[in-house]
Number of protein chains: 2
Amino acid sequence: MKRPRRPNERKPNRRGSIPPLTVKRLSLYLRYLEESAEANQTTVSSRQAGRALGLTDAQVRKDLAHFGQFGRPGVGYYVEDLAREIRKIFGTDQVWDVALIGAGRLGRALLGYEGFLKKGFRVSAAFDSNPKRIGREFANVRVQPMAELTEAVASGRFRLAILAVPAEAAQEVTDELCRAGIRGIINFAPVRLAVPEDVAVVPVDLAVQLEQLSYFANSPTPRKQRRQGKRGGQS
Amino acid sequence: MKRPRRPNERKPNRRGSIPPLTVKRLSLYLRYLEESAEANQTTVSSRQAGRALGLTDAQVRKDLAHFGQFGRPGVGYYVEDLAREIRKIFGTDQVWDVALIGAGRLGRALLGYEGFLKKGFRVSAAFDSNPKRIGREFANVRVQPMAELTEAVASGRFRLAILAVPAEAAQEVTDELCRAGIRGIINFAPVRLAVPEDVAVVPVDLAVQLEQLSYFANSPTPRKQRRQGKRGGQS
DNA sequence: TAATGTGAACATTTTCACAGCA
DNA sequence: TGCTGTGAAAATGTTCACATTA
C-alpha cells in the first residue's frame, strides 16, 4: 500500500540530506577560497565566487546555507573562516592517510602528486602484486606485497584507498578492502564496483572523460547561451 | 514584457538539447555493451543494463530514446548495433588523435594508457617546456618543445588535448591551444579554465575527487536506502 | 509473454526576487 | 547601500504505469 503524497511536500531536512551536487560544488568553493586567501583577500561575496566559478550568486549562497549561516549581510564571507568550515565538512581539517593499490604507471604518478597533501591527504602506503615492483620505492613510499594489505587497512590507519589496478583485478581487490574495513575508494579501473552500503566509491574513468569531451567537442556549440557570454561551459 | 508560462510547459525538444546527465550515462551504457559483446550476448534489455549499472530500467530506456528508437519490444537492444550507434553519437566510430601537453609523471602515465586506444583515442603527440624532457620518448611518442604545439594543433590533426601541466601554466597553455583551434580539453590542473564558447572543457581534479570521497566516507551512511539494497551508491 | 517508448506524476535543482541585516 | 538567507517559482531530471509491438 503506497502512501499518497502531495505534489511538493518535502521531507524535513534531516542532517545528511545535502544535495549531492552541492557537495560537488563545495570542493570548488574551497579551492576558490584558498586562492583568495593566497591573494590576501579577507572576504568574498557570493557574486565574486559565482563569477569565478561560472555559477550564479544565488546558487553559491544556497549551497553554503545548507551547512549553516556563514556569511554577513553587507560584507560577504570571511575567507579563512569559511575555508575552515568547509574543510570540517569534508573532514579534511586533519590529514588522512590513503593507501594506494596498484603501483603501475598511473599509481606511481599519483604517489608523487603533491596536490594531495595540500588538501589533507597523504598517500603513505602502496601495494602491488607484481614481484618486480614490490620493495621498490617511489616518492619515499616502499611498495608492499598485497598480502600485507588486509592488515594495514584493518589496523585502522587507512580509511580511504586509491584503486589503480587492472580492470580484471579491481573487484577482487575491492572485496578484500571492504572486508578489511575500508570506508571509501577512488576507482580508476573502468569497472563498476560492487560494495556494501557503507562504503563510498568515487569512479574516475579516464576513457569516459575523453568520450564526454569528444561528444561536446563534436556537437555544434549547443552550450548554453548567456547574455554577453564569453566563456564556454565546463562540465 | 515577460511571456507568462504555465507551470510545467516544456519547450519542444530541439535537436541538440540532450540532458547532460544522459550524455554521462551514455558512456556507461557503451562500456556495458562492450562487456556484453565480449561475453557473446547478442541482446540486452533495459532491465539488465540498469541492474548492472545501478539505474532503473525506465531511465535506460528514456536516455536511449533521446537519440532514436534502437530497441525492439519483446527483445531488447541488439548489443553490436546499439554500441555502434553510441560510438557514432560520441564521434568515436573513428580514431582521433589527441595531443598531450605536459610530460610529467601524470602525463607520461596517460601516454601509456592502453584504455584510450580501445575507446578510439590515440595520444600521439606530447609537448613540454622542460628541456630535460624534450626529445625523450615515452610509449613510442617523442616529447616535442612547446614551440611546436601551435603548428601541430593548427594543422588540424588534433581536435582534442589532454592538459597535464602545473596549475600556474594551465591558462597560458590553454590560450595557446584555443588560438590554434583546439575543440576540447581534458584539464587535470586544479584551475577553472577560461575558454571561448566553442571549446569544451572536461575538468578532472584528482584532489577534488578525494575530497568528495572523504565527505561520503565520513557521513554516517546517508546513502539512499533501497529495498533489498546490497550495494553502496556510486557517484 | 516480454520488452520498448512515452505521457504524466513526482522529485530535485536552479533561479528569482525580496525582506532584513550591517 | 551592499549583501546574505530564503520562500516561491521555474526548470530540469527521474520514476511510474501503460498502450503497444514482436
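The values are calculated or read from the model by the stated rules, or taken from the named source; none is laboratory data. Bear in mind that the values here come from a model prediction, so they are computed numbers and not experimental data. Positions of Cβ are generated from backbone atoms using ideal geometry, with glycine treated the same way; all protein chains shown enter the neighbour counts.
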Extreme residue, farthest from DNA strand D (Cβ to nearest atom), among residues of segment A:28-60 that are among the basic types (K, R) and within 14 Å of another protein chain (Cβ to nearest Cβ): A:R31
Contacts under 8 angstrom Cβ, first residue in segment A:69-82 being within 15 Å of A:Y32 (Cβ to Cβ), partner within 11 Å of DNA strand C (Cβ to nearest atom) and among the basic types (K, R), 6 or more apart: A:G71/A:R61; A:Y78/A:R72
Among (1) in contact (Cβ under 8 Å) with a residue 60 or more places away in the chain; (2) in a loop (DSSP other than H, G, I, E, B) - the single one A:G156 does not satisfy: (1)
Count of segment A:85-110 residues which are among the charged types (D, E, K, R) and either without any contact (Cβ under 8 Å) to a residue 12 or more places away in the chain or within 16 Å of DNA strand D (Cβ to nearest atom) (or both): 3
Scope segment A:61-84; condition crowded, with 19+ Cβ neighbours inside 10 Å and either more than 8 Å from DNA strand D (Cβ to nearest atom) or charged (D, E, K, R) (or both); matching residues: A:D63, A:V79, A:L82, A:A83
Matching residues, segment A:1-40, being at pLDDT 80 or above, of a type in the set (S, T, N, Q) and loosely packed, with under 15 Cβ neighbours inside 10 Å: A:S17, A:N40
Single residue of segment B:98-113 satisfying the filter (small (G, A, S) and more than 7 Å from chain A (Cβ to nearest Cβ)) that is surrounded by the most Cβ atoms within 10 Å (Cβ to Cβ): B:G102
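Kindly indicate the residue of segment A:221-235 that is at negative phi and within 7 Å of chain B (Cβ to nearest Cβ) and also modelled with the highest pLDDT among those meeting that condition.
So, considering only residues that are at negative phi and within 7 Å of chain B (Cβ to nearest Cβ), the one modelled with the highest pLDDT is A:Q234.
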Segment A:42-75, residues that are within 16 Å of A:I86 (Cβ to Cβ), among the β-branched types (V, I, T) and within 24 Å of the chain's Cα centre (by Cα): A:V44, A:V60
